[in-house]
1. How far apart, in nm, are the 7 Å Cα→Cβ label points at A161 and R37?
2. Using R₀ = 30 Å, calculate the FRET efficiency as 1/(1 + (r/R₀)^6) where r is the Cβ-Cβ separation of E27 and I92; round to 0.05.
3. With both partners inside the chain, how many of the DSSP beta bridges are antiparallel, as a percent to the nearest 5?
4. So how do D9, D99 line up by other beta-carbon neighbours within 10 Å, fewest first?
5. Return the loop-located trypsin sites (Lys or Arg not before Pro) in region 172-281 (DSSP other than H, G, I, E, B) with at most 14 other Cβ atoms within 10 Å of their own Cβ; answer none if there are none.
6. Which cross-chain or sequence-distant (5 or more) residues have an amide H under 5 Å from the amide H of H166, H modelled 1.01 Å from N in plane?
7. Can you list the HN-Hα couplings for region 211-221, worked out from phi with the Karplus curve (6.51, -1.76, 1.60; θ = phi - 60°), rounded to whole Hz and with x for Gly and Pro?
8. Taking a 31 Å limit on the Cα-Cα distance, which of the listed pairs K70/K262; K48/K103; K24/K48 fall beyond it?
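Derivation of every value follows stated rules applied to the coordinates shown; laboratory data play no part. Predicted, not measured: the structure shown is a model, and the values here were computed from it. When we count neighbours, we look across all protein chains shown, and the Cβ atoms used for this are built from the backbone with ideal geometry, even at glycine.
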Amino acid sequence: MRACVFSVDIEDWFHILDLPSTPKLEEWPALQSDVVRNTRRMYATFRKHDVRCTLFFLGWVAERWPDLVKEAVDDGHEIASHGYAHELVYTITEQRFSDDIRKAREIIERAGGKVVKGYRCPGFSVTDATPWFFDRVREAGYLYDSSVWPGARGHGGLPGAKATPHIITTGHGDLVEFPISMARTLGRPMYFFGGGYLRFFPYALIRSKVKQVLAEDRPVIFYLHPREIDPQQPRLPMNAKRRFMTYTGLHTTERKMDALFKDFRFNTFEALLTSIRGGQP
């Protein structure tokens, strides 16, 4: 499957996970929000290159700024769900998770006027400790998921997980999984296509790794957040390692987006879903 998907997790600067300084849900309304400005800046870049993307909206954001969701639909993008309260999956109960993703889907569908088919959990935090995850996602009405990080990472990950798109059979029907794309480098899988990795690595290396993955007939899945194009965003207190991963290279993001959109063709998860499901929408 030779395809590139550019996805954005639509959340704000204060939604960074797993920090002592991360604000609680009840504190969010009182904080300065930059998500509308930064997301619309991304929309402008997409329009400039005539690119269609998959946008995973946090339900909390869609609830407060439904016009942001409608604008995405009007521009031809796919709207999908990033849950509501932005909690790491392995830190909450199965029932709390189920309630969260159902609530988010309803809010996003109401805002955009379209059926939401896809889900991505915060922090790619599906792990071996959440064996109920895929059943609950499919039960909530989602047709695909893009939460699996097929390797170890700070927020968990699933080392040894299948690294290509595949169908997972659940008690509520089939669920298509689009795992995050890895590129073999120095004998081990590495990630180059999103977040701090995309901002840190030079574009020439990223481009070569995109070509490597495509040559292996695998899709390349990119992901970013609106805050990653904003060098002037407020900073949360964190240790030096997290600060480097969170704030390094913010000034390079839009330049790399421009280059990617010129060098490669992009599609949405929804379009790939149809091909994997044998022509079924």
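1. In this crude spin-label approximation the distance works out to 3.5 nm.
2. Computed FRET efficiency for E27 and I92: 0.95.
3. Approximately 30 percent, going by the DSSP bridge assignments.
4. Starting with the residue having the fewest Cβ neighbours, the order is D99, D9.
5. Here the trypsin sites (Lys or Arg not before Pro) that fit, given the DSSP loop and packing criteria, are R235, R265, R277.
6. Those qualifying (amide H under 5 Å, at least 5 residues apart or on another chain) are E177.
7. Each residue of region 211-221 in turn: 4, 4, 5, 4, 5, 8, 6, 10, x, 9, 9 Hz.
8. Too far apart for the 31 Å limit: K48/K103; K24/K48.
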